[in-house]
Amino acid sequence: MTRRQRVIAISASAGTAALGLAIGLIVALTGSSAPPPAPASPSPSPVQLLSPFTGEPVKSLGTVVAVKIDNIKQARPPTGLQSADIIYSLPVEGGLSRLMAVFSSRFPPVIGPVRSAREDDLELLRQFGKPAFAYSGAAPHLLPFIHRAPVVDLYAGTASGYFRDPRRPAPGG
């Protein structure tokens, strides 16, 4: 046996002796040959479901409804935006913008003024799975794409719930 092999053998014997000593101490102190019981682990608490929009606790994840809203000066103030979880400001032609209000936590009784869909809306809506999408119209070539998109189509021309507020001027552009 080489010197290295003897050192390894002695170390292994010492380790075995230390383990035997530890078991002997446990038996002597507890009066039992069985190892001490493992401490009881706390029962797992139920995982709290949080809204991906607000971070607040929710009982279940709700339906997502996205509504295209006018954002020109004459259309202000919009209605229902205080209940939106997310509001996007989206550029459109002529330096104007439209809003995309996304609701899931709270739904106001009235939202508006609702405006037309744009092609970019479909890309934005993809992140929400299959949201409901409320809009008042779209370019004729875009409507078939929206109707086939993974959205619940709430087009004003086919869905109910839309009305014209006579106190507001008709939208331009």
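The values are calculated or read from the model by the stated rules, or taken from the named source; none is laboratory data. Since the structure is predicted, the reported quantities are computational estimates derived from the model, not experimental observations. Neighbour counts run over all protein chains shown; Cβ positions are idealised from the backbone, glycine included. For accessibility, only protein heavy atoms count, side chains too; no ligands or nucleic acids. Shrake-Rupley method; radii C 1.70, N 1.55, O 1.52, S 1.80 Å.
Determine whether region 145-158 contains at least one residue that is modelled with pLDDT under 90 and small (Gly, Ala, Ser). Checked region 145-158: at least one residue is modelled with pLDDT under 90 and small (Gly, Ala, Ser).
Pick from region 65-88 the residues that are aliphatic (A, V, I, L, M) and open to solvent by 20 Å² or more (accessible area, probe 1.4 Å): which of them is nearest to Tyr162 (Cα to Cα)? Filtering region 65-88 for residues that are aliphatic (A, V, I, L, M) and open to solvent by 20 Å² or more (accessible area, probe 1.4 Å), the one nearest to Tyr162 (Cα to Cα) comes out as Val65.
Of the residues in region 89-106, none is at pLDDT 95 or above, out of contact with any strand residue (DSSP E or B) (no Cβ under 7 Å at 6 or more places or on another chain) and surrounded by 14 or more Cβ atoms within 10 Å (Cβ to Cβ).
Taken over region 146-171, the criterion of being surrounded by 11 or more Cβ atoms within 10 Å (Cβ to Cβ) and among the hydroxyl-bearing types (Ser, Thr, Tyr) is satisfied by Tyr155, Tyr162. Within region 153-173, the set of residues being under 23 Å from Ile72 (Cα atoms) and either touching a residue at least 40 places away in the same chain (Cβ under 8 Å) or of a type in the set (A, V, I, L, M) (or both) comprises Leu154, Ala156, Tyr162, Asp165, Arg168, Pro169, Ala170, Pro171, Gly172, Gly173.
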